[in-house]
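The structure appears below as structure tokens.
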2 protein chains.
Amino acid sequence: MALELRSLLQPTGELELSLVEVPTPEPTADEVIVRMEAAPINPSDLGLLLAAADLSTLKAAGTAAQPVVTATVPERVLAGMKARHGESMAVGNEGAGVVVEAGASPAAQALLGKTVSMIGGAMYTQMRCIRADQCMPLPAGTTAAEGASWFVNPMTALSMVETMRREGHKALVHTAAASNLGQMLNKICLKDGIDLVNIVRKPEQAALLKSLGAKYVVDSSTPTFVEDLTAALATTGATLAFDAIGGGKLAGQILSAMEVAINRTAKEYSRYGSAVHKQVYLYGSLDRSNTEIVRNIGMAWGVGGWLLFPFLQKIGAADVQRLKDRVASELKTTFASHYTREVSLAEALTLDAITVYGKAATGEKFLINPSK
Amino acid sequence: MALELRSLLQPTGELELSLVEVPTPEPTADEVIVRMEAAPINPSDLGLLLAAADLSTLKAAGTAAQPVVTATVPERVLAGMKARHGESMAVGNEGAGVVVEAGASPAAQALLGKTVSMIGGAMYTQMRCIRADQCMPLPAGTTAAEGASWFVNPMTALSMVETMRREGHKALVHTAAASNLGQMLNKICLKDGIDLVNIVRKPEQAALLKSLGAKYVVDSSTPTFVEDLTAALATTGATLAFDAIGGGKLAGQILSAMEVAINRTAKEYSRYGSAVHKQVYLYGSLDRSNTEIVRNIGMAWGVGGWLLFPFLQKIGAADVQRLKDRVASELKTTFASHYTREVSLAEALTLDAITVYGKAATGEKFLINPSK
């Protein structure tokens, strides 16, 4: 038996987070059992884990070893989650650990004793049964903690650059740019010679990115934000943005500043605005309020959702492998993740912890160690 | 000398509409002179003509034969029109008339005396000098008034269907659906067996479309709008909308209703919402306020501007010719336009007239007859 973190949303709107005991299965020939040692809490895990619950309603119950936490999910989002009502959901997109049991196949046997990283859900567990071909053995000298975040953030950052190239843009804009992901993107762009306009929300985040060599950093909390952003867009020619905020006015402000930047060099009046396509992809929802697009952006623009997995599916296996290979070769440099706290499964369900990681605040990053 | 309608926006924000006398040029070998008899005032002409001026500030001056009208353009849109400040702009996307003079080339000579329709701007004029290959001779028995609107609305409606096919959708949504364009789209879809969900804003518009055979009509002024829309989307499977309104909550409501309609048949919970791509193209700006997108639509969605000319450029000459041929063969049926008023150039600049066509209200459609 092993402990596994579960998220259960009742049709009444009550969310229950708990640790349940699950039997460890016998692996089939092609499977292995991984003793989990590290799994990050990424912003992309929070939707499934917390179901957009109101964190001010959090209540603790159960024991220290097997805590139970409840919270209320607001009416307005509850209906949209109908398909998960009453289902006990396992959580955790990615993680790493040691293969402690293996099926009879040579591929599975070859992994025995190895430290591997994985993507595929249900990683907040002590023992993960998984197909051998879904495991990536970590290079010698790499710990589970170092390899646990090898997929979501690195592949997302690389895919942003890949999207830029495929859609014919020459520079990028990124919001919430001081995040783990943002720091990776900054490193990639510096290395590859791509101009990146980093948008942050606090002076200390701007300072952090500048200390990491970022050339273009604009702070949305300053009175000169729009002006600074427009200047950076005019210099870099960036016409593609990836926005983690999602709600509010920021996406529209970016499009609007792009249009002004493009028109600074316009030779003649076009009643429809510039003919240059401007695109903002919303890949996160740090702000869940409505996205507001102001209408002074001409007609050549788009806003849309962007998700890693559909993108990878679209580009195909060969290109995905190329991106994966790059991550593997730069795991301790470009793609190094930094954690502010390492917690056990039980510690991840304290009100204290949930209140901090539930905010998805830049600079706070939790790593769950289920073996702790 | 001939009269030509001009729109002049000063850097101060004063807009001046007037008729100026321009000399009629000698046509070069490849050009003809067309005596203009008909040019519609389309919603797509209003941006250039009125520059988003505040119509409550309209003032009349000049004479009845050569009126001058002024109005004030709000500060917030003025900066975005910098490129036209101080430039006297000719107006009118399309029109038709009789070729009264022709250059020496055989192509130009062949048009002499013919009634032709044209696209290319500056059509609110008495004498239009234009390249012969930009003229489409109207079929015998077709008047200038019947052929004047052959391009913008018909080609836009056909291009919406073309976009639907190219982007892999199987049915369409259209807003402001009782417009001239909307009625054409309804006829095309009925003829081609495509399901079209028509969104209107008034009961009488719903009745009109139903009398024209429309199967799916929903009225946004009724309390059951969202419910009715969702039901129509579930039945038709429409995942692409063309929206003429642009601002406000409608585009977001459509996406949201599409997501609910798709999830009605969903088999299992996806934390990212449905994987089916939902798209709304904003091709007009009847509402110039911010576009608000509510965030319960999953991640597979897009909103963007859509313009006829870039679309035609993208699909290429052969496909454009195919669409043009269809318009020519159905000019008096599918693509017939209806006008509520025919006015002279001077009458088009009365406060009375501007106040009516400036609203771009469904059911009101002006035709300018510069020979009147």
- Relative contact order of the range B:1-107 (C-alpha contacts under 8 Å, at least 6 apart) in percent is 43 percent
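Determine the total buried accessible area between chain B and chain A, counting protein heavy atoms only with a 1.4 Å probe; round to the nearest 100 Å². Numbers along the way, then the final one.
Details: alone 16720 and 16760 Å², together 30420 Å².
Buried surface at the B/A interface: approximately 3100 Å².
Count, for each residue of B:205-218, the Cβ atoms from other chains sitting within 10 Å of its Cβ, then give me the mean as a whole number. Write down the numbers at each step before the final one.
On the way: counts 0, 0, 0, 0, 0, 0, 0, 0, 0, 0, 0, 0, 0, 0.
Mean inter-chain Cβ contacts per residue within 10 Å come to 0.
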- Query: Residue-wise, which Karplus ³J(HN,Hα) couplings in Hz belong to the range A:327-333, taking 6.51 cos²θ - 1.76 cosθ + 1.60, θ = phi - 60°, and x for glycine or proline?
  - Reply: 4, 4, 7, 10, 5, 8, 10
- Spelling it out for A:E342: with amide H atoms placed in the peptide plane at 1.01 Å from N, the residues 5 or more places away or on another chain with amide H under 5 Å from its amide H are A:L367
- Using the heavy atoms of the protein chains alone and a 1.4 angstrom probe, what is the accessible area of the range B:152-312 per residue in square angstrom? 37 Å²
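Once the other residues with Cβ under 14 Å from the Cβ of B:F225 are scored (Lys, Arg +1; Asp, Glu -1), what is the net sum?
Neighbourhood net charge equals 0.
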- Local electrostatic count, A:A65, Cβ distance below 15 Å [Lys/Arg +1, Asp/Glu -1]: -2
- Task: Straight distance only, please: which lysines reach the Cα of A:K249 with their own Cα at less than 19 Å, same-chain residues fewer than 8 apart left out?
- Result: A:K202, A:K278, B:K249
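Ignoring any ligand, DNA or RNA, what whole percent of the accessible area of the protein assembly as shown comes from carbon and sulfur when the probe is 1.4 angstrom?
On the way: 16470 of 30420 Å².
In the protein assembly as shown, the share of accessible area belonging to carbon and sulfur is 54 percent.
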- Item | Among A:E259, A:E330, A:E94: highest mean-square fluctuation, GNM of chain A, C-alpha pairs under 10 Å | A:E330
- Message: Nothing charged except the Cβ atoms of Lys and Arg (+1) and of Asp and Glu (-1): what's the magnitude of the dipole of the range B:152-312 about its Cα centre? Round to the nearest 20 debye.
- Response: 160 debye
- Message: For the full complex of protein chains and a 1.4 angstrom probe, list A:D219, A:D319 by accessible area with the highest value first.
- Response: A:D319, A:D219
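What ranking of B:E26, B:E347 comes out by heavy-atom accessible area, probe 1.4 Å, highest first?
B:E26, B:E347
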- Task: Kindly report, to the nearest 10 Å², the accessible surface of B:E146 as traced by a 1.4 Å probe over protein heavy atoms only.
- Result: 80 Å²
- Hand me the trypsin sites (Lys or Arg not before Pro) from the range B:151-184 located in a DSSP loop with no more than 15 other Cβ atoms within 10 Å, in residue order please. B:K170
- Item | DSSP beta bridges in chain A [antiparallel fraction, %, rounded to 5] | 60 percent
- Between the range A:1-53 and the range B:35-65, the Cα center-to-center distance that results, in Å: 64 Å
- Under the Karplus curve 6.51 cos²θ - 1.76 cosθ + 1.60, θ = phi - 60°, whole-Hz ³J(HN,Hα) for the range A:119-134, x wherever Gly or Pro sits: 10, x, x, 6, 8, 7, 8, 7, 10, 10, 8, 8, 5, 4, 6, 8
- Debye intensity ratio in log₁₀ form over the Cα atoms of the protein assembly as shown, taken at each q of 0.06, 0.08 Å⁻¹: -0.45, -0.75
- Value of relative contact order over the range B:152-312, rounded to a whole percent, pairs C-alpha under 8 Å and six or more apart: 21 percent
- Just read off the accessible area of A:I119 with the full protein assembly in place, 1.4 Å probe, to the nearest 10 Å². 30 Å²
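Hey, what did chain B get for relative contact order, percent, Cα under 8 Å, at least 6 apart?
Details: 783 pairs, mean separation 67.3, N = 372.
Worked out over chain B, it gives 18 percent.
Shielding of A:276-282 by partners, i.e. mean partner chain Cβ atoms within 10 Å per residue? All intermediate terms of the calculation are to be shown ahead of the outcome.
Values: counts 0, 3, 2, 2, 0, 2, 4.
The shielding value for this peptide is 2.
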- Query: What accessible area, in Å² to the nearest ten, does a 1.4 Å probe give for A:L349?
  - Reply: 0 Å²
- Message: Only Cα pairs within less than 10 Å get springs; with that Gaussian network setup on chain B, which residue of B:Y216, B:Y272, B:Y283 has the largest fluctuation?
- Response: B:Y272
- Query: Counting partner chain Cβ atoms within 10 Å of every residue's Cβ in B:85-93, what's the average?
  - Reply: 1
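Just by accessible area at a 1.4 angstrom probe, what is the order of A:K187, A:K314, A:K278 from largest to smallest? Each step should come with its number before you reach the end.
Numbers: A:K187 65, A:K314 145, A:K278 0 Å².
Ranked from most to least accessible, the order is A:K314, A:K187, A:K278.
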- Which residues qualify? For A:V173, with a placed amide H closer than 5 Å and at least 5 residues away or on another chain, they are A:V197, A:L240, A:A241, A:F242
- May I ask for the distance between the Cα centers of the range A:101-117 and the range A:299-371, given as a whole number of Å? 25 Å
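Would you mind telling me the antiparallel percentage of the DSSP bridges in the protein assembly as shown, rounded to 5? Working shown, then result.
Working: 92 of 146 bridges.
Expressed as a percentage, antiparallel bridges in the protein assembly as shown total about 65.
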- Note on the structure: Note on the range A:152-312: alpha-carbon gyration tensor, axes a ≥ b ≥ c; rule is a/c under 1.5 for rounded, else prolate if a/b larger than b/c, else oblate; result rounded
- Query: From the cross-link list A:K332/A:K365; B:K324/B:K359; A:K191/A:K215, which pairs have alpha carbons spaced over 22 Å apart?
  - Reply: B:K324/B:K359
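The values are calculated or read from the model by the stated rules, or taken from the named source; none is laboratory data. Here the structure is a predicted model, which is why all the values come from computation and not from measurement. Note: ideal-geometry Cβ built from the backbone for every residue, glycine included; neighbour counts use all protein chains shown. To get the accessible areas, we keep the full protein, side chains included, count just its heavy atoms, and leave off ligands, DNA and RNA. Shrake-Rupley method; radii C 1.70, N 1.55, O 1.52, S 1.80 Å.
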